[in-house]
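The structure under discussion appears below in the form of structure tokens.
The values are calculated or read from the model by the stated rules, or taken from the named source; none is laboratory data. Treat the numbers as computed from the prediction; the structure is a model and nothing was measured. No Cβ is skipped: glycine too gets one built from the backbone with ideal geometry, and neighbour counts run over all protein chains shown. Note: accessible area is taken over every heavy atom of the protein model, side chains too, but ligands, DNA and RNA are not part of it. Shrake-Rupley method; radii C 1.70, N 1.55, O 1.52, S 1.80 Å.
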Amino acid sequence: MTIEFESPKPIAQTQFVLKTVAEEMMRSKSRYFDEHEHEIPWDYIEFMHTAMKTTGGGSLAPKDEKAEADPNKPKRPPIGYQLLAAQIETLAWGDVGMYLVTPGGGLGAAAVQAAASPEQKAKFLARFGGEKPAFAAMCMTEAGAGSDTSAIRTRAVLDEKTNEWVINGEKIFVTAGDKSFNSYEKLDRGFIVVWASIDPSAGRAGMRAFVVESGTPGVKIAKLEHKMGIRVSDTAAISLMDVRVPFDHILGSPTVEKTTTGFKGAMATFDATRPLVAASGLGVARAALEFLKEKLKENGVEIRYGLPRQKLSNIEREVIDMDIMLKSAWLMVLKAVWMADNKKSNALESSMSKVKSGDVTTKITQKAVEIMGPLGYSREFLLEKWFRDAKITDIYEGTGQINRLVVARQILGYSGSELR
Amino acid sequence: MYSFEPNEEQQMLVDAVGKYASTDLRPAAREAEESRELPKKLVGKGWELGVLQASIPDAYGGFGERSAVTGALAAEELAFGDLAGAFAIGAPNLFALPILLAGSEEQKKEYLPKVIEGEWRPYTAALIEYSFDFDPSDLRTTAKFSNNEYCISGEKAFVPFAKDAEALIVYANLDGRTQGFIVTKNAAGLTINNERENLMGLNALPLYRVKLDNVTVSASDRLGGASGHDFEPVLASMRLASAAAALGVARAAFEYSRDYAKEREAFGVKIAQKQAVAFMLAEMRTEIEAMRLLTWEAAWKLDNAKGDAFSEAYLASVGAADMAMMVTDRAVQILGGHGYIREHPVEMWMRNGRGFAMLTGLAMV
């Protein structure tokens, strides 16, 4: 091992390519979709699907990196998650709401990738490389169960006569729930991954995820939320009434042992996804900071890097602080995904990157609006939109507080019962 | 490629320096601070770890190659033990590294072996000036060139070991550029205050005010020779050392307050089990990590001559100074009243922690 900060070529290449996508297909439409909530950006969806299909898997998810066929060739270190983080950051720099509408399975596919058997993976994930784009979504949150996922009340009961799972419950805040479940002519069939208990007396140990295919009877998209930001991304409330799915749609073991290993396995999915969500926030933060610097420059305000602090103006200090925050937060994301690529346990680094990114993203966008004054508040520019888009970074995929709790437990060596 | 783990050689150095910091420096730190004196043997033992020696190529008497990354790793470890001790052990760096980085071939041959061969000896440098708006790139001390000589005038502050130093580098403003000049201890016009500086922290480190009244040095004593040198790499190295030392002090404060919080009980539980305390610790750990990575990246960029290395070293030093203040302040807060009394080290670390915002120039990597 060594300490090195040379951006691998594939990362630089993907950033270069996606920057054009971000400018041409995202930025130019940002305002329109912000003001037309729940309209679907088909151009972007179809473009991304075609582009991802040409370059490989049909989704943004990292591919299984096989060892080089030629044993004489030096083995390249894996960079799948690093590449993904860089892609997400660049797309989010374009428009984070639209990034969330990237087809290919998102968090739903990530759950399958993390917890499914090889047969299940083949069955559920093949569609993402097909002719038409497809979506998948994760249904975790309920009205009474946000960060405390162990409070989930959705139930799955095995009907032994038909060998089907029967699911009942109400889910909210499902990103891309509409596109994953409802049928659209331009989309291939998607699915939702529903978290439910198969044994409420077992608490967390009884929690399982189920793949529910698009169109399954009993599932209803109850409503689409109206949000402060990321408006182009649909956020659905979904009700499930006597929803029947085949036995093999359960991810993980169908029997309950009185341990929490199953649930911990599910939570481990977050170790992989948290730095990626952190990366998406940092894309927004970078957009805001770049815009701020550009406007300051236009107005003749120079940032004099290198001067002692006490000689700097307030604006200069703020901008320099933002640079420090953004750069260091990005390095934390990189380290967390580098650990994931190298199969190192990254629960601490993953949550730290999310804590930092949640803070940095909200602070940078808030400060940028403040410094720009009336221009920052005006809808003439996208800055006010980025301020609204940014806030979700500190909320979804574990709020800043939940992630602080995870970090604290790690550094103190405490269990969930020792530090609640 | 990105990679975030020290290599084997660096890890060996980190382990050795870390062990010395924990078993030698740390236990002596409070006594040294109160008595305003670091034991010679203690500094000597730290010197023998060979951090500087390993940065100098064998052509000049050393046994390695300078790496800012390795230097930053070592500086963090030393400062984790004790900041004054770290600065004392590294004082010769202030003289040797600018010569290595910016000196002429003659200067390297003349001075580097002298500094690094054998025991620790006081060599130092004078950068800081005693004014609120001190700016290393806009110095008040001036150097003027005439008759193939430089004439230096001004006043320098916080110069480590100035009283005993065999030679020092004095930084001065030469036609708007910061340039270093090698000044030996008996130079005419050089006066060192008898009284040591009295500061909020770092009391174990002997720091002096130095006056230069028309001190004359020959053209060949200008750092880099007749055409001089670029000050940016020297300054970046100072900033990185400061950032890395800030990491060490912060980590010391974090670990100490974390361990305390796991012992101390209130309302029937350990205070670490209270979210108010646990969240502070989580944020301290997160900020340390953030600034460590920024420092490492800046150091790596410096080692690999990347274009933005200097500005990133600046960002790292500014960020790490803030971080050290935040972390050490919270460590005192977590210990409460016990943090404020001098029985525990956290109050000393908080005083030391404040220094990073203004003490660039006391260390180099």
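A few remarks follow.
- Filtered by the rule that a residue be touching a helix residue (DSSP H, G or I) at 6+ places or on another chain (Cβ under 6 Å) and within 10 Å of chain B (Cβ to nearest Cβ), segment A:340-353 gives A:341, A:348, A:349, A:351, A:352, A:353.
- Residue, nearest to the chain's Cα centre (by Cα), within segment B:328-359, restricted to residues that are part of a helix (DSSP H, G or I), of a type in the set (A, V, I, L, M) and within 13 Å of another protein chain (Cβ to nearest Cβ): B:357
- Options B:306, B:262; residue that is free of Cβ contacts under 8 Å to residues at least 24 places away in the same chain, facing chain A (nearest Cβ under 10 Å) and part of a loop (DSSP other than H, G, I, E, B): B:306
- One residue from A:280, A:328 being of a type in the set (Ser, Thr, Tyr), touching a Lys or Arg at 6+ places or on another chain (Cβ under 9 Å) and part of a helix (DSSP H, G or I): A:328
Conditions tested, residue by residue: (1) open to solvent by 50 Å² or more (accessible area, probe 1.4 Å); (2) farther than 15 Å from residue B:345 by Cα; (3) touching a Leu at 6+ places or on another chain (Cβ under 8 Å).
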| position | (1), (2), (3) |
| --- | --- |
| B:29 | no, no, no |
| B:37 | yes, yes, no |
| B:46 | no, yes, yes |
| B:50 | no, yes, no |
| B:53 | no, yes, no |
| B:56 | no, yes, yes |
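- Considering each residue of segment B:73-86 in turn, at least one proves to be more than 14 Å from chain A (Cβ to nearest Cβ), in contact with a Ser or Thr (Cβ under 8 Å, 6 or more places away or on another chain) and either aliphatic (A, V, I, L, M) or closer than 25 Å to residue B:42 by Cβ (or both).
- Candidates are the residues of segment A:301-314 that are more than 10 Å from every other protein chain (Cβ to nearest Cβ) and over 13 Å from residue B:315 (Cα atoms); the one that is most open to solvent (accessible area, probe 1.4 Å) is A:302.
- Residue within segment B:4-14 that is farther than 25 Å from residue B:231 by Cβ, within 14 Å of another protein chain (Cβ to nearest Cβ) and open to solvent by less than 10 Å² (accessible area, probe 1.4 Å) present: yes
- Residue list for segment A:404-417, filter: more than 14 Å from residue B:276 (Cα to Cα), modelled with pLDDT of 95 or more and of a type outside the set (A, V, I, L, M): A:410, A:413, A:414
- Residue B:357 meets each of the listed conditions (1) in contact with a Lys or Arg (Cβ under 7 Å, 6 or more places away or on another chain); (2) at pLDDT 95 or above apart from (2).
- Among the candidates A:109, A:136, A:156, the residue that is farther than 30 Å from residue A:416 by Cα and aliphatic (A, V, I, L, M) is uniquely A:136.
- Segment A:272-286 - residue that is in contact with a Gly (Cβ under 8 Å, 6 or more places away or on another chain) and at pLDDT 95 or above and, of those, farthest from residue A:354 (Cα to Cα): A:283
- For the condition within 14 Å of another protein chain (Cβ to nearest Cβ), in contact with a Leu (Cβ under 8 Å, 6 or more places away or on another chain) and not acidic (Asp, Glu), residue A:317 does not qualify.
- Members of segment A:183-206 found to be of a type in the set (A, V, I, L, M), open to solvent by 10 Å² or more (accessible area, probe 1.4 Å) and within 25 Å of the chain's Cα centre (by Cα), listed by number: A:187
- Which listed residue, of B:55, B:67, is within 14 Å of chain A (Cβ to nearest Cβ) and not β-branched (Val, Ile, Thr): B:67
- Filtering segment A:320-331 to residues that are more than 7 Å from chain B (Cβ to nearest Cβ) and farther than 22 Å from residue A:90 by Cβ leaves only A:321.
- Residue match in segment A:32-45 (condition: at pLDDT below 90 and not in a helix (DSSP H, G or I)): no
- Candidates A:371, A:402 - the one that is under 17 Å from the mean Cα position of the chain (by Cα), open to solvent by 10 Å² or more (accessible area, probe 1.4 Å) and outside the structural domain of residue A:230 (by TED's automatic domain parsing): A:402
- Single condition residue B:213 does not satisfy, out of (1) open to solvent by 50 Å² or more (accessible area, probe 1.4 Å); (2) under 30 Å from residue B:351 (Cβ atoms); (3) assigned by TED's automatic domain parsing to the domain that holds residue B:137: (2)
- Inclusion of residue A:408 among residues that are crowded, with 24+ Cβ neighbours inside 10 Å, without any contact (Cβ under 8 Å) to a residue 12 or more places away in the chain and within 14 Å of another protein chain (Cβ to nearest Cβ) is warranted.
- All positions within segment B:106-120 that are part of a helix (DSSP H, G or I) and of a type in the set (A, V, I, L, M, F, W, C): B:112, B:115, B:116
- Residues (among the hydroxyl-bearing types (Ser, Thr, Tyr) and under 18 Å from the mean Cα position of the chain (by Cα)) located in segment A:138-154: A:141, A:147, A:149
- When A:204, A:244, A:208 are checked against the criterion of being at pLDDT below 95, over 30 Å from residue A:50 (Cβ atoms), assigned to a strand (DSSP E or B) and of a type outside the set (Gly, Ala, Ser), a single residue qualifies: A:208.
- Identification of helices (runs of 4 or more DSSP H) wholly contained in segment A:71-187 with 2 or more residues that are among the small types (Gly, Ala, Ser) and at pLDDT 95 or above yields A:80-99, A:177-181.
- Subset of segment A:374-399 that is surrounded by 19 or more Cβ atoms within 10 Å (Cβ to Cβ) and within 14 Å of chain B (Cβ to nearest Cβ) - its residue that is farthest from residue A:287 (Cα to Cα): A:398
- Unique residue being on the phi < 0 side of the Ramachandran plot and in contact with a strand residue (DSSP E or B) (Cβ under 9 Å, 6 or more places away or on another chain) when the list is B:315, B:362, B:302: B:362
- Just one residue in the set B:96, B:102, B:143 is in contact with a Cys (Cβ under 9 Å, 6 or more places away or on another chain) and farther than 18 Å from residue B:356 by Cβ; that residue is B:143.
- Highlighted here are the helices (runs of 4 or more DSSP H) found entirely within segment A:332-420 that include at least 2 residues which are under 29 Å from residue A:302 (Cα atoms) and among the aromatic types (Phe, Trp, Tyr): A:383-390.
- Of the criteria (1) assigned by TED's automatic domain parsing to the domain that holds residue B:42; (2) touching a helix residue (DSSP H, G or I) at 6+ places or on another chain (Cβ under 7 Å), which one residue B:132 fails: (1)
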